Amino acid sequence: MRPQPRQYEQLRGVLSEADEPLTAREILTLLEEQEEFESAHRVATILGRWAEEGDVEVLHGSPYRYRLNN
């Protein structure tokens, strides 16, 4: 399932306000009131797909961290 642009925009908003790269769990916590993100795995899946297009950078480690490519 392709993520909806609205979902990406919500994630992008969180990442754009962050001072440092965030984990999927940290992003999910910041989006706590958003019911469409049922798990950190869903957040990571959406960001991973956008990373393939070059919009998001995935910093490999344990856990992965995400930041916007500017």
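Structure notes:
- Portion, in percent, of the accessible area of the chain that falls on carbon or sulfur, probe 1.4 Å: 45
- Positive-end residue, the chain charge dipole about Cα centroid, Cβ charges, pick of A40, S62, T23: S62
- With 5 Å bins from 0: P(r) over the chain, alpha-carbon pairs, percent: 3, 18, 35, 28, 14, 2, 0
- Accessible surface computed residue by residue for the chain, with neighbouring protein chains in place and a 1.4 Å probe, gives 66 Å² per residue.
- Projected label points at S16 and A51, each 7 Å from Cα along the beta carbon direction, are separated by 2.2 nanometres.
The values are calculated or read from the model by the stated rules, or taken from the named source; none is laboratory data. Because the structure is a prediction, the values reported are computed rather than measured. In this analysis, Cβ positions are derived from the backbone assuming ideal geometry, glycine residues included, and neighbour counts consider all displayed protein chains. Each accessible area value is taken on the protein alone, full model and side chains, heavy atoms only, with ligands, DNA and RNA left out. Shrake-Rupley method; radii C 1.70, N 1.55, O 1.52, S 1.80 Å.
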